[in-house]
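**Q** Dropping a structure here in structure tokens format, bear with me for questions.
The values are calculated or read from the model by the stated rules, or taken from the named source; none is laboratory data. Since the model is a prediction, treat every value here as computed from it, not as a measurement. Here the Cβ positions follow ideal geometry from the backbone for every residue, glycine too, while neighbour counts run over all protein chains shown.
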Amino acid sequence: MQNLYKALYLQSNFKSYKKNIMGITRLKRKDRKNAARANQRVADIKRLTAKPVIKNIDVEAIKKSFAEKA
């Protein structure tokens, strides 16, 4: 009878121990996913709001080069 109580005690402790481990693992994974989503969101916002570099272009020179070729 004493072995039965001991087995039940160990089994109940193992279940709670296993539950804690699984919970921590899932939370860590969720944390990594949330961080990745946030980083991707910031990267998307930067990409969409980026302005191209405006260069000084001599339009008349370009028109001349086209006129010369024709």
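**Q** Looking at K51, K30, K69, K18, which is the one that is at pLDDT below 75, out of contact with any Pro (no Cβ under 8 Å at 6 or more places or on another chain) and not β-branched (V, I, T)?
**A** The match here is K18.
**Q** Moving to a separate point now. With the structure loaded, tell me whether I24 is surrounded by 10 or more Cβ atoms within 10 Å (Cβ to Cβ), part of a helix (DSSP H, G or I) and modelled with pLDDT of 90 or more or whether it fails that test.
**A** So I24 fails the test.
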